[in-house]
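Only one structure is covered here, and it is reproduced in the block below.
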Amino acid sequence: PMGVLPAMSFTPDNKEVVASYGGKFYRIPVAGGNAINIPFEMDTELLLGARVDFKYPIKDEKELIVTQIRNPVVSPDGKQIAFTALNRLYTMNVVNGTPKRVSTFDFTEAQPAWSPDGSQLVWTTWQKNGGHLFKINFKLKGAKPQQLTREPALYSHPAWSYQGNRIVFLKGSSNNFKEDPD
């Protein structure tokens, strides 16, 4: 019941319980009283693998090559891709494209979703006290991201309706996300 730790067990005379905690074994009198340490020693041999020691050079350069992207989604016409890299949202042409930031925000952007006609993009964000949904209409020249939500929360999985006139999403309490130890 406690994972890799042994369960408790009664002694043959049922007067004590043997249990392990704090890295030791103890006899605990059923009638009450202090736990009694059960000393033990063991000879063992532990085989270890080779030392894993990677040398990653860290360069202090203005540009770097991003080796991991998140949430990649291809536009409906297959010509563009939207993705998150280093918590920022980018789009680029699939063939010989150069990544281009979608916004100038200085907070996390993730989970992009293209509208059915490929003219708009919606995504989630996260800041210190919660996130929002944003969208941009690429048909409009000089378009800026538009915030769609008013209440900070944990927004996720945005998706467009088939007609492209509605966006559905999941909304959770930002407090749960902020307090999650993982």
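No value in this document is a laboratory result; all are computed from the given coordinates. None of these values were measured; they are calculated from a predicted model. Here the Cβ positions follow ideal geometry from the backbone for every residue, glycine too, while neighbour counts run over all protein chains shown.
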Anchor LYS79: aspartates and glutamates whose Cα lies under 15 Å away (excluding residues fewer than 8 positions away in-chain): ASP117
10 Å-binned pair-distance histogram of segment 92-163 (Cα, whole percent): 18, 50, 28, 4
Residue-count net charge about GLU109 - beta-carbon cut-off 11 Å; Lys, Arg +1, Asp, Glu -1: +2
Tail weight of P(r) past 19 Å, computed on alpha-carbon pairs of segment 27-94, percent: 70 percent
Highest average packing first - 134-147, 83-96, 31-44, Cβ atoms within 10 Å: 83-96, 134-147, 31-44
Taking only Cα atoms of segment 1-139, radius of gyration then Dmax in Å: 29.3, 83
Approximate spin-label separation ASN71-ASN137, in nm, with each point projected 7 Å along Cα-to-Cβ: 2.2 nm
